[in-house]
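Quick one: the structure is below, and I'll ask about it shortly.
The values are calculated or read from the model by the stated rules, or taken from the named source; none is laboratory data. As the structure is a prediction and not an experimental result, all values here were calculated from the model. Please note: Cβ atoms are built from the backbone with ideal geometry, for glycine as well, and neighbour counts cover all protein chains shown. The area values use the complete protein model at the heavy-atom level, side chains included, leaving out ligands, DNA and RNA. Shrake-Rupley method; radii C 1.70, N 1.55, O 1.52, S 1.80 Å.
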Amino acid sequence: MDEAIRDYLRLRYAVQIGERTAEHVKRELGRAWDYKYGEQSQKEIQIVGKQLANGAALPIRINAREVSGALEPVLAE
């Protein structure tokens, strides 16, 4: 699952994140579901990745919907 998140961010934002950051994203947003209303939470967090083009730090805001989409193929297996 962590690898799926890392791959998504690499393709979508052209950034690289570490294993610890991917784990953090998974824990914070991977199960961000509002059970009271039966819908996905609008929760989002900010992470910092390394730009693939120049190696500079790039802050990114990622939300639960993006993480859910990244994890969907893994969960379907």
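Can you tell me which residue in the range 37-52 is nearest to LEU9 (Cα to Cα), limited to those that are at pLDDT 95 or above and open to solvent by 100 Å² or more (accessible area, probe 1.4 Å)?
Per the criteria, the residue is LYS50.
Between a residue in the range 45-68 that is in contact (Cβ under 8 Å) with a residue 60 or more places away in the chain and any residue that is of a type in the set (Lys, Arg), which pairs come within a Cβ distance under 8 Å, given they are 6 or more apart or on different chains?
VAL67/LYS26
For the structure I just gave you, tell me whether ASP7 is at pLDDT 95 or above and acidic (Asp, Glu).
So ASP7 passes the test.
Need the failing condition index for ARG20 against (1) modelled with pLDDT under 95; (2) open to solvent by 40 Å² or more (accessible area, probe 1.4 Å), just the number.
It is condition (1) that ARG20 fails.
Can you confirm whether the range 28-36 contains a residue that is surrounded by 13 or more Cβ atoms within 10 Å (Cβ to Cβ), at pLDDT 90 or above and either among the polar types (S, T, N, Q) or in a loop (DSSP other than H, G, I, E, B) (or both)?
no
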